[in-house]
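Visitor: Okay, here's the structure, questions in a sec.
The values are calculated or read from the model by the stated rules, or taken from the named source; none is laboratory data. None of these values were measured; they are calculated from a predicted model. Note that each Cβ is placed from the backbone with ideal geometry, even for glycine, and that neighbours are counted across all protein chains shown. In case anyone asks, the SASA skips ligands and DNA or RNA and just uses the protein heavy atoms, side chains included. Shrake-Rupley method; radii C 1.70, N 1.55, O 1.52, S 1.80 Å.
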Amino acid sequence: MAAPLAGGRNGRSRYRPMAEINVTPMVDVMLVLLIIFMVAAPLMTVGVPVDLPRTAAAPLNQETEPLTITVNPEGRVFLQETEVPMEELVPRLQAIMRNQPQGAPERRIFVRGDRTIAYGRIMEVMGTIAGAGFTRVALLAEQPGGQPASRPGPAPAAPARAPARPAGQPRG
């Protein structure tokens with residue numbers, strides 16, 4: 001509130017204008033927008049639905065949008081959201097890479113595979129891509145929190161577990 005000035009002329013008091021900015025409404029609006037984007041962002045991921053395996057690896061920082069190759073539970077291969085026969089996968093990837101801007105780094109290629117299909121099918125797709133000369137190929141897995149994480153290298157060793165004892169057998 002404005003405060004009256006003491007000692008005004010002829011007994012009149014004057015008020016100073018308030019020089020403070022009230023930021024509470026701006027903070028309220030920003031928090032609402034933050035919540036809206038936090039809820040909407042996971043819904044904006046589009047693609048072929050697969051059940052990704054879980055991993056504890058940290059996600060990688062990405063400069064450009066990667067290409068995503070998905071192997072669904074039936075073993076069919078998709079480039080982004082379009083189904084592609086294995087024979088056409090490499091020519092399509094090469095055409096996409098040719099249309100990249102000059103001097104831009106090679107786009108990363110993520111391979112997503114449903115956890116229920118054979119590992120050999122995913123390795124067949126990755127081998128086909130790597131055999132065509134693409135070097136930035138990575139597996140995609142789901143982190144325990146639910147967000148996808150890329151796996152550029154071998155998985156960390158699983159912690160050793162003691163063999164299970166049959167019920168009723170004493171510890172020895």
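Visitor: Sort Phe37, Phe78 by accessible area with a 1.4 Å probe, largest first.
Guide: Descending order: Phe37, Phe78.
Visitor: For Ile35 and Glu88, FRET efficiency with R0 = 45 Å and r from the beta-carbon atoms, rounded to 0.05?
Guide: The formula returns an efficiency of 0.55 here.
Visitor: Please give, to one decimal in nm, the separation of the simple spin-label points placed at Thr116 and Arg136, each 7 Å out from Cα toward the Cβ.
Guide: Label-label distance for Thr116 and Arg136, simple model: 3.4 nm.
Visitor: I want the antiparallel fraction of DSSP beta bridges within the range 25-144, as a percent rounded to 5.
Guide: 35
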